[in-house]
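S.K.: Sending over a structure as structure tokens; questions will come in a sec.
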Amino acid sequence: MEFTLVCTRINVLVLLLALSSPCTFIQSPMDFGQLNFLQTTTTASLDFGRIFFNSPSAVLRPQSPKEILQLLSFLSAPSFSKVTVAARGAGHSIHGQAQAVNGIVIEMDSLPPSIEIHRKRDGEPGFSYADASGGTLWVELLKESLTHGLAPRSWTDYLYLSIGGTLSNAGISGQTFKYGPQISNVLQLDVITGKGELVTCSPTESSGLFHAVLGGLGQFGIITSARILLQDAPQKVKWVRAFYEDFGIFTNDQELLISMTDIVDYVEGFVVLNEQSLHSSSIAFPSHLGFMPQLQSGTSHVYYCIEFAIHFYQEKDSNPDKLVKEITKQLNFMPSYIYSVEVSYFDFLNRVRMEEMSLRRRGLWDVTHPWMNMFVPKSGILQFRDLLLDNISPTTFEGPILIYPILRDKWNPNMSAVLPERGSEHGDKVLYIVGMLRSANPSTCTAECLESLLQQNRRIVETATSPRIGAKQYLSHYCQEQQWREHFGGKWERFLAGKSEYDPLSILAPGQGIFERKYSKWPTTLQSQ
Ligand code: FAD
């Protein structure tokens, strides 16, 4: 049901509870204190995907974590209430994961901005780190930490995502092979559980909650603060792109690059399907790419581009050009199709923002995004490439397709994030990330066209996750418990146990579609709707 309710602070919630309760039973308004409910729910029913539009009944804009605590303490008491709660970071999900139909969305960006940088002194044990509130955007953390000469180690390609949002998934990019995903770079979290308890957790303190929350799809608690590991920030980055015709040579070279963990700092790669895909992924790369072999429209020749980067520091005596030469000597790209540029560290990390600006100018940012992201075992990457190309039309496809390898041993298996199990039994360390980041402009792609693209994605996911390929979805979207059970595989029982321990009434993150809210139909019995 889609509707917008005009809310007036506290009495609204009472009304909401009444509306969404199976009975006409109203809790006391005094229990909520002065929570900051917003008047409209428009942004909270939208996300980057623009595929799902589920209106909450109210939006909370907390001014402090205490307000979140108050709300969850109230809702976690067994009651007739069916109200669910979704934290919303930057709302850059694709499939409504931060939405709460008829529930309450908590807009995490309303928490007062708070980033505290702690630089480790020489000789002092431990690490440099930043304490940042859960709604902080990664770009804000980058800007602040750079003023101290520091920066987080692991990134996403796009920085206008919230810390709580990416830590609920994994947070991956070209640095993942070296430092692991963002969830592997967290020292401590403050979490408000679905039971309405504020817990500070770390690998040594309340470690069950710490591991559950990282990659936990928002199911166990709301991250109000995260302690993120920092390292010395480089001043400059040497950013290199090399083109390939042969997929096997492309992946071999990528795997060679990720084996050079001492000198290479970033490795990604993408498929060049057509001129538009080359152009759109090159907006931030300040060099003319004279790579136009057979990319005329109408042909379906596909190329691949590796991009890698090395950091360098003014104070250290490094010669990046020499280093790049030594590395590229070992690669087998198409002769002469190699390009390199030197950019500031900030511009390098913020490269997708330039693409965003360009797309915004052309009205192509706020469009529908039927994206699909997969982790693919190394043994299945060629089959997966074929599956992908068999299911899309290279000449008309809009958006980038990323393919790059990562290393399994940089992930902590105790965390909730899921990787393919296939390959691990043979000690296969390499896995691939594939992101099919498609845009569908509603002015040219009607509802029927969008449905056919989503259908295409479902077909690809179904085949890719079958035992033949053994892939797993990243930023998954499933509707049935059985599908989630298969997705989590050997981690499912632990995920279930964590849910009953930290959010027994299934109040949190309903947009993920994993659990149904539990409520009392009769005061003493808890049961599903
Ligand atoms: P939201 O969409 O707001 O929320 C996502 C989920 O997390 C929801 O279930 C929500 O309830 C929960 N949540 C949000 N905040 C909290 C919190 N504080 N505590 C607990 N739960 C919370 N991902 C990558 O890994 N690498 C990339 O390179 C990458 N690039 C992207 C580029 C673009 C342009 C976009 C749109 C997305 C990209 N993503 C990438 C995906 C992105 O990491 C996820 O969609 C992430 O969830 C977005 O963060 P958000 O703050 O927008 O989260």
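S.K.: Give the residues of region 268-283 whose amide nitrogen is closer than 20 Å to a point set 7 Å from the Cα of Asn391 in the direction of its Cβ.
M.R.: Taking a point 7 Å out along Cα→Cβ of Asn391, the residues of region 268-283 whose backbone N falls under 20 Å are 270-274.
S.K.: So, by mean Cβ neighbours within 10 angstrom, what's the order for 179-187, 111-119, 262-270, 210-218 with the highest one leading? Numbers along the way, then the final one.
M.R.: Values: 179-187: 23.6, 111-119: 14.8, 262-270: 20.2, 210-218: 26.2.
With the highest mean Cβ count within 10 Å placed first, the list reads 210-218, 179-187, 262-270, 111-119.
S.K.: State the percent of C-alpha pairs, over all pairs in the chain, separated by a distance greater than 46 angstrom.
M.R.: Summing the P(r) of the chain above 46 Å gives 12 percent of all pairs.
S.K.: If you don't mind, there's one more thing I want to ask. Among the aspartates and glutamates, select those whose C-alpha is under 17 Å from the C-alpha of Lys120, and discard any that sit fewer than 8 residues away in the same chain.
M.R.: By straight Cα distance, Lys120 reaches Asp131, Glu144, Asp232.
S.K.: Any idea of Thr446's accessible area? Nearest 10 Å², probe 1.4 Å.
M.R.: 80
S.K.: If we restrict to alpha carbons, what Rg and Dmax does region 236-474 come to, in Å?
M.R.: Rg then Dmax for region 236-474, in Å: 18.3, 58.
S.K.: Could you tell me the relative contact order of region 109-208? Use alpha-carbon pairs under 8 Å, at least six residues apart, and round to a whole percent. Mind showing how you got there, number by number?
M.R.: Working: 135 pairs, mean separation 17.1, N = 100.
Normalised by residue count, the contact order of region 109-208 is 17 percent.
S.K.: Expressed as a fraction of 2.2 N^0.38 Å, the rule-of-thumb size for a compact globular protein of N residues, what is the C-alpha radius of gyration of region 115-232?
M.R.: Working: Rg = 13.5 Å, N = 118, 2.2 N^0.38 = 13.5 Å.
Taking the Cα Rg and dividing by 2.2 N^0.38 Å, one obtains 1.00.
S.K.: Now for a different question. Would you mind calculating the relative contact order of the chain from Cα pairs under 8 angstrom and at least 6 residues apart, reporting the percent as a whole number?
M.R.: Numbers: 1175 pairs, mean separation 88.7, N = 529.
RCO, the chain: 17 percent.
S.K.: Considering the dipole of the chain built from charges on the beta carbon (Lys and Arg +1, Asp and Glu -1) around the Cα centre, which of Val267, His288, Leu187 is farthest to its positive end?
M.R.: Value: Leu187.
S.K.: Return the calculated 222 nm mean residue ellipticity for the chain, to the nearest 500 deg cm²/dmol, obtained by summing -39500 (n - 2.57) across DSSP H runs with n ≥ 4 and dividing by the residue count.
M.R.: -7500 deg cm²/dmol
S.K.: Solvent-accessible area per residue for the chain at a 1.4 Å probe radius, Å²?
M.R.: On the way: 21970 Å² over 529 residues.
Here the per-residue accessible area is 42 Å².
S.K.: Test of understanding: extend the Cα→C-beta vector of Thr463 to 7 Å, then name every residue of region 432-457 with backbone N under 16 Å from that spot.
M.R.: Within reach of a label on Thr463, which here means backbone N under 16 Å from a point 7 Å along Cα→Cβ, region 432-457 contributes 436, 453-457.
S.K.: Dipole magnitude of the chain about its Cα centre, charges +1 at Lys/Arg Cβ and -1 at Asp/Glu Cβ only, in debye to the nearest 20? Present the calculation step by step, with values, prior to reporting the outcome.
M.R.: Values: 44 positive and 51 negative charges, 119 e Å.
Taking the Cα centre of the chain as origin, the dipole is about 580 debye.
S.K.: Carbon and sulfur atoms: what percent of the 1.4 Å accessible area of the chain do they account for?
M.R.: 52
S.K.: Kindly list the residues of region 155-191 that lie in the label zone of Glu501, defined by a backbone N under 18 Å from the point 7 Å along the Cα-to-C-beta vector.
M.R.: Answer for this model: 188-191.
S.K.: On to the next question. On C-alpha positions alone, give me the angle between the axis of helix 492-502 and the longest principal axis of the chain, in degrees, nearest 10.
M.R.: In the chain, helix 492-502 runs at an angle near 40 degrees to the longest axis.
S.K.: Calculated FRET efficiency, Thr446 and Phe53, Cβ-Cβ r, R0 22 Å, to nearest 0.05?
M.R.: That gives a FRET efficiency of 0.85.
S.K.: For region 346-378, run through the chymotrypsin sites (Phe, Trp or Tyr not before Pro) and keep only the ones in DSSP coil with at most 15 other Cβ atoms within 10 Å of their Cβ.
M.R.: Trp365
S.K.: Taking every DSSP beta bridge with both residues inside the chain, roughly what % is antiparallel (nearest 5)?
M.R.: 90
S.K.: Taking a 31 Å limit on the Cα-Cα distance, which of the listed pairs Lys66/Lys518; Lys329/Lys378; Lys66/Lys410 fall beyond it?
M.R.: Too far apart for the 31 Å limit: Lys66/Lys410.
The values are calculated or read from the model by the stated rules, or taken from the named source; none is laboratory data. Owing to the predicted nature of the structure, the values given are computational and were not obtained by experimental measurement. Reconstructed Cβ throughout: ideal geometry from the backbone, glycine too, with neighbour counts over all protein chains shown. Ligands, DNA and RNA are excluded from the accessible area calculation, which covers all protein heavy atoms including side chains. Shrake-Rupley method; radii C 1.70, N 1.55, O 1.52, S 1.80 Å.
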